[in-house]
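Below is one structure; the comments refer to it alone.
The values are calculated or read from the model by the stated rules, or taken from the named source; none is laboratory data. Everything numeric here is computed off the predicted structure, so don't read it as measured data. Cβ: placed from backbone, ideal geometry, glycine included. Neighbour counts: every protein chain shown. In case anyone asks, the SASA skips ligands and DNA or RNA and just uses the protein heavy atoms, side chains included. Shrake-Rupley method; radii C 1.70, N 1.55, O 1.52, S 1.80 Å.
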Amino acid sequence: MMTRPQQGRTHRLTRPSIAIAAAVAVTAGVVAAAPDAKTAEPTPKLSLIAASTSVTLDSWKDDPGVYLDLGTYLTSENGAFELKVTRKSYKDPVVATQVLRNGKKTTTKALPAGLVKDFSGLPGFAQVSVTDAAGKTVLKQTEAFCPNNASGRIRPDAPAQSKYPQSCPVNPFTLGSVWGVENGWASNTYAGYYAKPVQLAAGTYTAKISVTKKYRDLFGIANKPQTVKVTVRERSWEEEEGSGSAPRSAAPQSAKSAAGTQGHAGHAGHAGHGGHEGHQQAADAPAASAHAAHGAPARPEAPAGRTTGATPTFNVGHGPYPPAPPALPWALKKESLQRQAFSAAKVGDRPGQTDGSRQAPGAKPNAKRPTGKATVPDVPKPDLRSLPAYGITVSDGYEDVPGKDYLAFSANVWNAGPAKLVVDGFRSPGKELMDAYQYFYDAKGKQVGYTPTGTMEWDPRPGHEHWHFTDFASYRLLKADKKESVRSGKEAFCLANTDAVDYTVKNANWHPGNTDLSTACGQENSISVREVLDIGSGDTYTQDLPGQSFDITGLPNGTYYIQVLANPENRLKETNHKNNSALRKVVLGGKKGARTVKVPAHELVNAN
């Protein structure tokens, strides 16, 4: 349960920017011999290794704290390390199962009940202790481990691509996930943006990292701790600017200024599904902070080594959560990386970046609008479902609508499959709207039908500037008797695969495309666009501005329900239209100008 009083804007809806600098020395040629096929064990052999015997970490004067990326990895040999994590419903606990594959034979092993409580990773996996130059222990903590973290191959004959997803989902209403370390690969044990910084003064330290005993026993991991020498250096933006090595222009200054840039930087401008957009998801946000959308400058990202991949994905207000920690190419020389350590990070895709923050390519629409008779064939279709609202807060109308009280929230509509949702928009010359069509495919992926399904409209407002598919979802605030009280003005969307909701459903795509707005939503002069919601993925929108959030100024205190309704006009063809609505109970209190909201747990999910 959570109470949010009406206070200053930046204390309720914003998160500070996270500045991370990762200068990690990597030794070349850390490879392991491939196991002999005759002696290969039937289960994967897991080992903890360190990429380097020393690392350099940065503490920034204006954002104190050190992100403890020590460059340790969990390797998997003799087969992939794979876990399936699910819950039957929100009334049931999360359970995890290890999947063991031996040729065509697949077996499973249930992990102990209660070991995994959510979908963010294995809790308490790594034990980290840090001693100072005098030998005094200054830090001791355990850390969770997401097997889908930044990863890379440890031998040349390993699969060129990992089949596993690139991060662990942290949406509180996730239903199923798959975690894995590919055979012959290694995954970073550091939790990245999901980890909290630690307080370490500038100086030299020694870190000892080990896998905790319960996981060593469970997965047969040898007790071989890794020792890493750590140098903490203090840096400041003023010094970097003075030296000319880290210009502020390396990262967006605000949502507005980023709008004209390319690639991921474009997201801070599109800022997609948050509306005005500069407000990040209810989770932690590494990019431009919320007040960027209202004119306040956002401090740019700290410089990072070009190979670290430690840059945010710019879907401000739209998801997804920040990327996993950096992937480190094994063949990089120590001197080479050190020379790059002070180079300003560049936003977008680049070599060595396999952490989930790469810009996914946009799906290409058909060259021409469909011709012939529209048909809805008897083939698999998508199944759109809504998640209960979360990230629920109260806010005022800012300077836009002073004297008002609003209820803000995040909402997600996802596709349970077994077919992906594909919608193309085609523009007639000179017309404001695009005509939208839904496409259908047979089991081999061949298009076998289409049907008109409404329109797409161009949203010219700063912070939007992309094509919205109309009537995809609707948000309503219902009274205690479940009758409508207030409706959100947001009903048109650009679709993007921002959240992995359930990757255990049939035909789930663990590597969806169009995961960000800049690749999925087109430009003002686009003649056509294609928007896709893939199987297992959902699209999160944060409704936190007037016109999107609910105006509760004149509402009496009491119990209400936030309704998230997918496909409200039933224009899209689905396998099931009866599961499109989700309700989340809230209790309004306080008085005008100081409204509060309490958010009871939704069955076993206790997240506001």
(message) I'm trying to understand the selection: among the residues of region 430-467, which are modelled with pLDDT of 90 or more, among the charged types (D, E, K, R) and not in a loop (DSSP other than H, G, I, E, B)?
(response) Asp435
(request) Working carefully through the options Ala134, Ala201, find the one that is at pLDDT 95 or above and more than 16 Å from the chain's Cα centre (by Cα). (result) Ala134
(request) Please specify each residue of region 561-607 satisfying the condition of being in contact with a strand residue (DSSP E or B) (Cβ under 9 Å, 6 or more places away or on another chain), free of Cβ contacts under 8 Å to residues at least 40 places away in the same chain and either open to solvent by 60 Å² or more (accessible area, probe 1.4 Å) or not in a strand (DSSP E or B) (or both). (result) His577, Lys585
(message) Restricting to region 136-153, count the residues that are of a type in the set (D, E, K, R), open to solvent by 30 Å² or more (accessible area, probe 1.4 Å) and either assigned to a loop (DSSP other than H, G, I, E, B) or in contact with a Phe, Trp or Tyr (Cβ under 7 Å, 6 or more places away or on another chain) (or both).
(response) 2
(message) Quick check on region 89-111: of everything there that is under 22 Å from Val170 (Cβ atoms) and loosely packed, with under 11 Cβ neighbours inside 10 Å, which residue is farthest from the chain's Cα centre (by Cα)?
(response) Lys91
(message) For region 201-219, give me the residue count where each residue is under 18 Å from Tyr190 (Cα atoms), in a strand (DSSP E or B) and polar (S, T, N, Q).
(response) 2
(request) Please tell me if Leu46 is hydrophobic (A, V, I, L, M, F, W, C), over 26 Å from the mean Cα position of the chain (by Cα), closer than 30 Å to Val505 by Cα and at pLDDT 50 or above. (result) yes
(message) Can you tell me which residue is least open to solvent (accessible area, probe 1.4 Å) among those in region 160-198 that are part of a strand (DSSP E or B) and among the aromatic types (Phe, Trp, Tyr)?
(response) Trp179
(message) Yes or no: region 512-521 includes at least one residue that is assigned to a loop (DSSP other than H, G, I, E, B) and at pLDDT 85 or above.
(response) yes
(request) Mind counting the residues in region 573-603 that are modelled with pLDDT under 95 and among the hydrophobic types (A, V, I, L, M, F, W, C)? (result) 1
(request) Could you look through region 112-135, keep only residues that are of a type in the set (A, V, I, L, M, F, W, C) and over 25 Å from Val181 (Cα atoms), and pick out the one that is least open to solvent (accessible area, probe 1.4 Å)? (result) Val130
(request) Considering (1) at pLDDT 50 or above; (2) more than 30 Å from Leu604 (Cα to Cα); (3) in contact with a Lys or Arg (Cβ under 9 Å, 6 or more places away or on another chain), say which one Val66 fails and leave the rest. (result) (3)
(request) Considering only residues that are part of a loop (DSSP other than H, G, I, E, B) and open to solvent by 30 Å² or more (accessible area, probe 1.4 Å), look in region 533-552 and name the one that is modelled with the lowest pLDDT. (result) Pro546
(request) May I ask you to list the residues in region 184-204 that are among the polar types (S, T, N, Q) and in contact with a strand residue (DSSP E or B) (Cβ under 6 Å, 6 or more places away or on another chain)? (result) Ser187, Asn188, Thr189, Thr204
